[in-house]
Amino acid sequence: MEELIGKKIESYTFLSILGKGGMGTVYKAYDEKLDRHVAIKILDVKVIDKTKFIERFKREARHQAQLSHPNIVTVYGFIDSEGTLGIVMEYVEGESLEKVIFRQRRLHIFDVVYIMRQALLAIGYAHKKGFVHRDIKPSNIILNTEGTVKIMDFGISKSLEDRSMTKTGAQLGTVFYMSPEQIKGNDVTHLTDIYSIGCTLYEMIAGQPPFNYESEYDVMDAHLKKEPPKMSQIIPGTPSVLDRIISTCLMKNTAGRYQNCAEIIEELHGLDEYLTQVEAKYFIRTKKDPSKTKYYSMLAFSTFIMVMAALTYFVYVQVGELLRSGEIDRYKLYKIQDLFGSGRDSLNVTDVTVLRTGNGVSLNAIQFISESFGIAVGDSATLLMTNDAGNSWSDQRIPISTNFLDTYFFGDGTSFIVGDNSTLLRSDNFFKNYSEVNVPPGYSLFKIKFINRLVGFILGSSGLILKTNDGGKTWKKVVINTQYTLYDIHFIDDKTGMIVGWNGAYFKTEDGGITWYVQKSFTDKYLKSINFIDNRLGLAVGGGNTIFRTVDGGRNWEKTFSNTLSNYQSVTFIDENVAVLIGHKGIILYSEDKGISWQRMDSYSYANLNSMTLSPDNKIFVVSVNGEILRIF
């Protein structure tokens with residue numbers, strides 16, 4: 001796009017390039033009408049469907065222009081001329097926080113508090129106006145020559161991500177600051193920005209993001225499952241309040257984070273009080289060039305900003321009235337009892353019950369082997385059992401430090417659980433006793449499934465496939481040509497099976513799983529679940545509203561559509577005509593025409609749904625991230 005330099009579009013003459021990103025290039029330009037310099041972000045048309053995007057983009061630009069705050073870069077308007085689409089913004093003379101961190105390696109604690117407080121006032125203001133940034137990171141925080149912090153890209157980042165960044169982890173530069181819910185493909189709230197604030201705060205002090213790995217997958221995996229080293233471990237003498245602020249921002253579960261920016265500002269106020277009493281001698285402070293870092297002189301205004309923080313906190317406690325009003329109920333669509341009006345014998349759906357387990361951790365898998373007996377597993381080594389069709393659940397938590405991701409058990413008591421850290425547990429009596437099975441270390445194990453009493457498979461991260469031929473006593477690694485995470489496996493007969501995974505990974509075997517061959521990908525989104533009703537009709541679902549259907553045994557796949565935009569987690573056939581799938585925000589869809597068209601039913605839940613199973617008496621059980629279990633019957 002360098003060809004724009006020296007050219008004029010509308011009233012703007014393009015002067016130089018300020019920076020480049022995944023969505024386009026930012027230029028410095030001169031506005032002849034108003035005699036001022038501006039910054040113009042020219043969007044890369046390769047990453048957007050312009051015909052569908054342009055009106056939405058203009059609407060978002062108008063919305064962002066309504067944000068009036070001294071710590072937010074002002075939006076003046078947009079340009080749409082001869083194939084060039086861009087947003088015109090306030091030009092800020094200064095440098096990004098990213099460059100400051102790069103130059104100084106890490107910042108002094110006083111400067112961290114000063115910068116972060118201004119950033120929080122801006123982000124909190126935008127949240128109150130209904131904006132979620134979704135891409136808070138050091139490169140989007142600007143420090144001008146007068147010491148004022150400015151946040152860039154509110155609103156437009158949301159618009160772009162909705163259309164062009166659906167695929168999880170599309171840009172490594174952003175992945176360092178992405179929340180777990182973003183990585184999972186969940187719909188996000190302002191609490192995603194809180195997580196990204198924590199990542200940014202961590203980098204300002206430590207000099208690197210909390211999860212600083214070379215592999216994009218490793219970074220995302222760490223956001224989902226690991227805890228970063230405490231700042232007090234990196235820099236001895238770090239105040240405990242700072243460790244608390246960072247760890248609370250970086251909670252995996254959104255309910256555990258600060259619920260608004262004002263709460264963090266209050267914590268920073270406490271940190272300020274601590275620092276006035278104790279010299280921060282453990283923090284390295286590099287001598288700075290006054291001509292380039294005038295913002296440090298602004299520390300004299302800290303008292304004023306603290307007053308503003310108190311006022312902001314008073315206002316923010318009012319947030320939430322809409323959620324409490326119940327207005328959201330009017331957006332509900334179908335009652336689940338209305339699903340199958342024809343009274344199909346194979347599934348008598350009349351009601352849905354939310355079963356509260358008393359356990360708030362994420363439940364990741366569930367299985368029933370009879371009408372009454374079932375097992376659910378989840379994070380923090382959670383193991384729940386029921387003997388009364390799910391009406392009550394007993395917590396049989398196993399005393400090991402890991403997350404359980406899937407389970408498989410037989411009627412004779414032979415049972416398996418897989419999870420993080422290459423965890424594979426085996427029991428002969430429904431986990432009254434159990435043993436750990438040795439498997440290759442360093443993997444997350446996502447799926448375990450048996451195709452008969454002796455032959456079974458385990459799928460995991462980095463392309464891991466394990467196979468057993470002796471009922472799960474021993475497991476051997478299967479060679480496969482991929483490093484993608486593999487999520488689900490399905491056999492349509494004893495010999496023919498398929499595997500799906502990350503980035504549209506798709507593999508097939510015709511020798512019972514001894515060898516697996518790469519198949520032509522039919523999507524670049526991740527595929528989370530695959531299911532067949534016979535040897536020809538099958539469905540596959542995943543991220544980015546992905547629903548695919550095959551009628552020739554998986555040789556060719558066609559995309560089907562629903563009126564609901566979501567990321568889907570699991571799909572299953574109920575009979576030869578009816579299929580059900582689940583996804584985020586409590587979404588349950590059903591099809592009565594072999595997966596061709598889909599309708600939404602009311603789940604009575606707004607939590608993200610992780611997995612489901614069909615019991616022998618045709619009840620559907622669904623587990624969610626908040627520890628709830630739904631029973632549909």
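Summary of values
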| item | result |
| --- | --- |
| Separation of the Glu227 and Phe110 label points, Cα + 7 Å toward Cβ, nm | 3.3 |
| Carbon/sulfur fraction of accessible area - region 535-633, other protein chains in place, 1.4 Å, % | 45 |
| Theoretical FRET efficiency, 1/(1+(r/R0)^6), r = Cβ-Cβ of Arg103 and Glu82, R0 22 Å, to 0.05 | 0.05 |
| Shape of region 592-633, Cα gyration tensor, a/c cut at 1.5 | oblate |
| Long-range HN-HN contacts of Leu464 with modeled amide H, under 5 Å | Leu486 |
| Modelled FRET efficiency - R0 30 Å, Glu93 with Glu266, Cβ distances, 0.05 increments | 0.40 |
| Length added when fully stretched, Ser380-Tyr30, from 0.36 nm per residue minus Cα-Cα | 120.4 nm |
| Estimated distance in nm for a label pair at Asn481 and Lys520, the labels positioned 7 Å out from Cα along Cα-to-Cβ | 1.6 |
| Dimensions (Å) - region 63-152, Cα atoms, principal axes, largest first | 46, 29, 24 |
| Cut-off 12 Å between beta-carbons: net charge of the residues surrounding Asn469, Lys and Arg +1, Asp and Glu -1 | +3 |
| Long pairs among Lys20/Lys226; Lys99/Lys128; Lys476/Lys508, criterion Cα-Cα beyond 20 Å | Lys20/Lys226; Lys99/Lys128 |
| Overall dimensions of region 421-466 by Cα: Rg and Dmax, Å | 11.3, 32 |
| Estimated distance in nm for a label pair at Arg453 and Ser11, the labels positioned 7 Å out from Cα along Cα-to-Cβ | 8.3 |
| Cubic angstrom per residue, convex hull over Cα atoms of region 466-570 | 101 |
| Whole-percent pair-distance distribution, where bins are 5 Å wide, for the alpha carbons of region 483-633 | 2, 10, 20, 23, 21, 14, 7, 3, 0 |
| R0 of 41 Å, Cβ-Cβ distance Ile596-Lys20: FRET efficiency to nearest 0.05 | 0.40 |
| Within-12-Å neighbourhood charge of Thr254 [Cβ basis; K, R +1; D, E -1] | 0 |
| Integer Hz, Karplus 6.51/-1.76/1.60 couplings in order for region 578-593, x for Gly and Pro | 9, 10, 10, 9, 10, x, 7, 6, x, 6, 10, 10, 9, 10, 10, 10 |
| Length released on extending from Asp412 to Asp218, taking residue separation times 0.36 nm less the Cα-Cα span | 66.0 nm |
| Segments 475-483, 502-510 sorted - mean Cβ within 10 Å per residue, highest first | 502-510, 475-483 |
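The values are calculated or read from the model by the stated rules, or taken from the named source; none is laboratory data. Keep in mind it's a predicted model, so treat the numbers as computed, not measured. Cβ: placed from backbone, ideal geometry, glycine included. Neighbour counts: every protein chain shown. Side chains are part of the model used for accessible areas, which takes the heavy atoms of the whole protein and leaves out ligands, DNA and RNA. Shrake-Rupley method; radii C 1.70, N 1.55, O 1.52, S 1.80 Å.
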